[in-house]
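Undergrad: Handing you a structure now.
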Amino acid sequence: AVPSFKGYGGFPGSICASIDGEVVHGIPSHKRVLHEGQIISIDCGAIVNGYQGDSALTVPVGQVSEDAMLLIQRTEQSFWEAMKVITDGARIGDIGHAIQTYCESFGYGVVRELCGHGIGQDMHEDPQICNFGRPHTGIRLREGMTIAVEPMITMHSPQVYQGDDGWV
C-alpha cells in the first residue's frame, strides 16, 4: 500500500492527525505532543492495487471530559444513523439529513464546508456526501457505488477556519 494523503494537494503528512478543535487536515509532527484530556482524530488513506481507501477514527487521550466523550460517541453514532438509510435507490440528501438531524438534536454544529465523497481510483470522486441535507433530494445511490461517509461535527458552531499552515 502507498499512503493516499502524502503529497495530495500538497499535504505534507501520510495521515491527518487533528487535535481537539481541528476538524480535519491536522498535520502530524514530533512537535505536537498529546496531553491527557485531548481528543485526536486520525484520518488515513491508502492506495492498494490502484484503488483508494479512506478511514478515520476519533479517540480520547486518557481521561476526557464527559462532553468530549459524548461528542466522540455521538459523532460515531451519526455515521451509523447514515448507514441505516444507505440502500440502493436512496438519495444523497437522505444521508446528510440522517447525520444532521441526529447531531443537531444534541446542539452540535454540522460542518458544511467539508464533506464525504465518492471514492475509487481517485481519492475524491463524485458524488459529494454532505453531512447535512433534505430527505429525498440529490442523486440516487445505486448498487456498486463506493462512498466515504465522513461526519464532521463540532461542539457548537459549524464554522471552520483555515489554520496558519494553510489547511482547514
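Undergrad: Could the peptides 73-79, 87-93 be put in order, highest first, of the mean number of other beta-carbon atoms found within 10 Å of their residues?
TA: Details: 73-79: 17.3, 87-93: 15.0.
My ranking of the peptides, most packed first, is 73-79, 87-93.
Undergrad: Once you place label points 7 Å from the Cα toward the Cβ at Ala46 and Arg142, how far apart are they in nm?
TA: 3.1 nm
Undergrad: Taking the Cα atoms of the stretch 40-109, what is the range of coordinates along each of the three principal axes, in descending order and whole Å?
TA: Its Cα atoms span 40, 30, 16 Å along the three principal axes.
Undergrad: Sticking with the crude label model, points 7 Å out along Cα→Cβ, report the distance from Ala1 to Glu125 in nm, one decimal please.
TA: Result for the modelled spin labels: 1.8 nm.
Undergrad: Hey, quick one: spin label on Arg112, modelled 7 Å out along Cα-Cβ, who in the stretch 75-98 has an amide N within reach, i.e. under 20 Å?
TA: Only 92-98 fall inside the zone, counting backbone N under 20 Å.
Undergrad: Here's something else I'd like to know. Semi-axes, largest first, in whole Å: what does sqrt of 5 times each Cα gyration tensor eigenvalue give for the chain?
TA: 25, 22, 13
Undergrad: Okay, moving on. In whole Hz and in residue order, list the ³J(HN,Hα) couplings for the stretch 71-80 that follow from phi through the Karplus curve 6.51 cos²θ - 1.76 cosθ + 1.60, θ = phi - 60°; x for Gly and Pro.
TA: Using θ = phi - 60°, the values come out as 4, 4, 5, 6, 5, 4, 4, 4, 4, 5 Hz.
Undergrad: Something else: Can you compute the modelled spin-label distance between Lys84 and Val33, with each label point 7 Å from Cα toward Cβ, in nm?
TA: Roughly 4.4 nm, to one decimal.
Undergrad: Using θ = phi - 60° and the Karplus relation 6.51 cos²θ - 1.76 cosθ + 1.60, list the HN-Hα couplings for the stretch 146-157 in order, rounded to whole Hz, with x at every Gly or Pro.
TA: 10, 10, 10, 8, 10, x, 10, 10, 10, 4, 9, 6
Undergrad: Just going by the charge dipole of the stretch 13-168, with Lys and Arg at +1 and Asp and Glu at -1 on Cβ, which of Ile27, Phe106, Gln73 is farthest out on the positive end?
TA: Going by the charge dipole, the pick is Phe106.
Undergrad: Now, a different point. Apply the Karplus curve 6.51 cos²θ - 1.76 cosθ + 1.60, θ = phi - 60°, to the phi angles in the stretch 89-98 and return the couplings in whole Hz, x for Gly and Pro.
TA: After applying 6.51 cos²θ - 1.76 cosθ + 1.60, I find x, 5, 10, 4, x, 5, 5, x, 5, 4 Hz.
Every number here is computed from the coordinates shown, using simple stated rules; none is lab data. Predicted model only: the values in this text are computed from it and were never measured. Quick reminder, even Gly has a Cβ in these numbers, built from the backbone with ideal geometry, and neighbours come from all protein chains shown.
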